[in-house]
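Written out below as structure tokens is the structure these notes cover.
No value in this document is a laboratory result; all are computed from the given coordinates. The shown structure was predicted, so the numbers you read here are calculated from the model rather than taken from an experiment. Note: ideal-geometry Cβ built from the backbone for every residue, glycine included; neighbour counts use all protein chains shown.
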Ligand SMILES: C[S@@+](CC[C@H](N)C(=O)[O-])C[C@H]1O[C@@H](n2cnc3c(N)ncnc32)[C@H](O)[C@@H]1O
Ligand code: SF4
């Protein structure tokens, strides 16, 4: 029963000091330069693009709840911390580049729609255009993408239509009105910090006044949106972070995401682009100059941020995304996160570096990964023929369950034992290795298990350490259990 868990005070046993919490859980400590969150699996059977397409063709996705993602890779400036797949928009004739990418993204999804009958019949509950900086696109380009999506896919009534951008894209109120007129009903805006030294040092192209204006414009729409904030950046300290959060709370931002700086090289992991700060020379210089806050200071920043959020009734769902009460129906989680993480529904992903997954069939997961080289991506799409897939991963058995559990944990919603019984044929609280992992997490106060054993839910301490728990307990422990079983076979 849902209220079995919710009835308990979520603050019971809560440890606000992340450093103290990690001291109690030394197995979960990750050094700053190794720190990265990757909820997708980097194990499983590697698939060629042709094999991914075969799985696509055989997947029974008609009528199944699905999330649709488009990745637009251009940005008006490149932030030094950013390891996402992105590229500077050309200064000469940028609108031509936007039009070219609009055509390419539409052409890529058209391939799947034309070749694979179920794709047009999947039940699209949420759509997200991100990047890069999707809100750089002009209304005419966004209208073209939306027209394509609405006419070729099966969107549910009231489908969540998300667009992501920066304060500089939302600080003109007429542009925001235009986006609402086009049909967008949820927004995401990356502010990172209101401290000018931080935004300047990281090469952001907006001031604090622009961020404030963008937020006011979005609040005026009456629609939900989230503001992305970062901590652990040069020129931040616990006081500036606390002040940033106080500003957002005062502005009544519905959802606030707090991301700790990840300086792991995601390009080397095959899932992103190198950030300027990943370059050893740059990283060493910043370190020598003492510009990266210590882990101790970084944890103090998080503590101060969370204090503000908790004091004003915000609660996390998914992990790291804190919402005001009653922002979203059913569990106070945005639909995009419900589809992607809580339920691990199929996600169709287009654009350079985009990755998605096919789920809900045969107790397995097929991860799909596009090429992350931006130029290669667009040239392959424009040339026609096969879509720009780089590889895939087929996950079965414990590996499929471990990945699904990582997503469910990330959602910070109750993990339904029955869903895993029906979807994967496992008893999370009886079968090994799951039972051992969850009992250990419960004994450490990182999850709570409902008294009728129907649900498992991260505690607030488990939310604080979610990235470490997903990586170490769910991926490594359950993943290595899989490897041991394979060795024995
Ligand atoms: C896909 S990114 C970019 C969206 C948008 N262009 C922007 O700049 O906000 C979404 C968010 O990821 C976060 N982010 C980017 N690079 C990061 C990093 N190295 N470590 C932690 N968070 C990061 C930022 O908060 C950013 O707003
Ligand atoms: S953080 Fe956003 S604006 Fe900055 S480079 Fe990354 S995607 Fe572009």
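Taking every alpha-carbon pair under 8 Å whose residues sit at least 6 apart, the range 45-338 reaches a relative contact order of 18 percent. For the pair the range 396-448 / the range 253-325, the C-alpha centres are spaced 27 Å from each other.
Taking other Cβ within 10 Å of each residue's Cβ, how do 53, 105 sort, fewest first?
So the ranking, lowest neighbour count to highest, is 53, 105.
Exposure proxy for 345, 228: other Cβ atoms within 10 Å of each Cβ, ordered fewest to most, give 228, 345. Apply the a/c threshold of 1.5 to the C-alpha gyration tensor of the range 22-134 and tell me whether it is rounded, prolate or oblate. It comes out oblate by the Cα gyration axes. Solvent-free Debye calculation, one equal scatterer per alpha-carbon of the range 45-338: log10 I(q)/I(0) at 0.07, 0.09, 0.10, 0.12 Å⁻¹ equals -0.29, -0.48, -0.59, -0.86. Legend: ranking of residues 401, 106, 282 from fewest to most surrounding C-beta atoms inside 10 Å; resulting order 282, 106, 401.
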